[in-house]
Structures are given as structure tokens and as C-alpha cells.
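Quick note: the coordinates plus some simple rules give every number you see, no bench work behind them. Predicted model only: the values in this text are computed from it and were never measured. Here the Cβ is made from the backbone with ideal geometry for all residues, glycine too, and neighbour counts use every protein chain on show.
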Amino acid sequence: MTNPPPLPRHSLLRGSLRALLAGAAGGALAAVVVWIVLTLQGWVWGSAVLEGLPSQRPLLWCVLWCSGIGLAISLLQRHRPTSALPEMVETLTELRRPDGLQTNEGARQLLGGGLALIGGGTLGPEALMTRLIAVASHRIWRGADRDLVAAAMAGTLGLFHSPLVGGAALAGRRWQLLWRWLPATLGGVAGFVAFRGLSDLGGGLRGVPYDWPVDQEQWLGALVAAVLAGLVGCGSGVLLGRWRHWLRSLSLKERVWFTPVLTGVILGFSLWALPLSVFSGENQLKPLVLGAWSLSTGMLLMSALFKLLLVGLCLETGWKGGQFFPVILASSALGMGLHECLPFLGGLQSWSSGVVGGSLSVLLNSPLLALVLGLTLLQGHGAGALVIGLLVGQLLQGKR
């Protein structure tokens, strides 16, 4: 097979400039929508939740609001199976298919995804943001220019505060295809710049002091802790996958159209009793690490595991969104609880980052995307443990 002729220099420059502009526009629009969603979320649940702290709303308020939003989601999706918001991976897969994006139910998908986030669902914003830009871009360009759509979608992933997440997510494993990763990377850079100016979402552990091992014994303990944490994280990812598969096999939404209402009731009780188990978790990560949450070891572990279960429950019962933020928070909390159980082995960062690495290695098809996401949201804390957790997850998956 002969290689295609190189593109003229002016075409490369023009394409790069268009990708930058599309990525910046996508990132700016997504940042504005994030701001609107967070503002409404703060109005419903109180300003404390925007700082990552528990809501002070009473039980009745929590149950009524969550069940009411669940009813709205039920009515939006009733008799319309395609009106549920696709996950980010599904949207990216659509972009690569020959028939392109299917956006006939775009308005309902976006409304349902926004309601799920405002209602306290254990979900991240990335699915809503990528779908928002996919629908808007598809309506503007009518699918005629996939490079621009890809660049605009990569720009929305500036919400992770990393210019490389967009390129890693859209390029996948085929980095040798120039026009597959270049627009996405340029768009991601532009979206990253736009998000830093319009939204602070995705800051993760920025500003938290680093804790490095200082002697050989501590390094050895950190290594052992990272390996054990990677095993636990891998198990958590497998648990979430099997939990979702089991829920999917029940066909709950097909049997009971108001299933989202029941999920809303569970979320309402969880928001009151186990506040760490709800919301995306991105804003909860920093105060949790700094000790602003006064949780016993048992409550910490239970909240982390329940958050993982709520992610699967939401995604399989109509409360649609992303899983990256809540899974990373749940994994970090699980690592913290394990560190409290075994304080003599390794440090807090080794346990937390190792569990994050193990879980992301199972849940994401791309080790590169998992690495970039983990490093970005953890701001480099426990980077070595994160890599070890990823390697443990990859080795275990290779043996299955």
C-alpha cells in the first residue's frame, strides 16, 4: 500500500488554525455550560457542595428533589430509548463510524444529562460536555468536516485542565495517523486555555503539599503499597464493570419506565446519609485529602464502595453522565481508607494513586488516556504509584 501524498503546507496551517479555533470555541462553550450547571447545583443543594463539602439540606428536601428530577428524566426517556445521554466513549465511537454522529435526540440527551448532574447524580460532566459540542458541531457543519468536530470535542475535555486529554481520548491507539490526533491535540490545547479562563473545574489536588518518601525503607513500603493498591483498584474496576453488566441484564428501564425515580430516591437518601457517595466528586477530592471531612475509616471505605455502586446504578437506570470524576474520587477514598487500616505500609499518596491507576486501567481502553487523566486530576501526587497501578491493571487484564 502506497503512502498518501503529503498535504501542502498552506493546507496544514489552515487546518491547524481551524482546529485551534474550533477547540477554543468548544472549550469556552463547555465552560459556560459547566458554570450554569454548577450554579444551579449550588442553588438546589447549597454553596457548600461547590466547595466539595456535604450539603446541609434536610432528608425530605434531598428525597423530594432527587425523586422529582428522576421523574423528569423518566418522562424524557419514556418510549424513546435513544434519548438517554451517551457516555463519552460512545460519542467518540460515533464520531469515527462511517455514518457519523446521530443527533436526532440531541436536545433530550443534553437536557437529561444536565438534570442528572444538577440532581446530585454520581456522575461526571465529561459525557454531557462532549455530547453538547458534538450536537452543536454536527448541526453547524452537518458532519461534513470530522476534523473540526473532533477538535471542538477535544476542546471540551479542557475541563480536565490538561491540554493532552483531548488528543489522548480522540486519537486512541493510532498515533501515526496525523489528521486523527493533530486536530484533537490542537483543539485540546485551545480548550484547555479557554477552560482555565472560564472555569476552575478539574483542579483536582492543585495546592496540596507533596509527600515524598525520604529513605530506602519508605521507598520499599511505598512500592509494596502501590502494588497492593493497584490490585485493589483493578478489583474495583472489575466490580463496577460486572455490577453494570448485571444491572443491564435486568432491563430495568424496559420493565419499569419510572426506574429513574427509584434511583432518585436512593440518591436522596445517600446525599443525606453518605454525602461523599454522590455528585461527581471532583470538588470533594481536595477537602477529603486535607481532612475537611471527618469520616471514620469504616465510613470512608463504605462511602467509597457505595460511590462506585451508585455510578453503575445511575448509568444503567437513566441518570446518564460520565464516570471518570466519581471513579477517581471513589478510588482515592478507598486508598485513604486502606492507608488508615495499614498506616505502617507506604504513605497516603501511594495508596490513593495506586488504586486510581488500577481502576482506570480496567475502565479505560487506552492506558495513555488513563495516565494523562490520573496525572492531571491528582496533580502528580503519587505519580509513581499511579503508573504502578496502571501496570498492575494492564498485566492482570492481559492474563484474563
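Listed peptides 148-160, 125-137 appear in the order 148-160, 125-137 once ranked by packing, highest mean of other Cβ atoms within 10 Å at the front.
Give a quick list of chymotrypsin sites (Phe, Trp or Tyr not before Pro) in the range 304-400 that DSSP marks as loop, anything other than H, G, I, E or B, with at most 15 other Cβ atoms within 10 Å. Walk me through the numbers on the way to the answer.
On the way: sites: 306, 319, 324, 344, 351; in loops: 319, 344.
Passing sites in the range 304-400 are 344.
Less than 5 angstrom separates the built amide H of residue 322 from those of 124, 126, 127, 128, all sequence-distant by 5 or more or on a different chain. Residue ranges 38-47, 23-32 sort as 23-32, 38-47 when ordered by packing (mean number of other C-beta atoms within 10 Å per residue, highest first).
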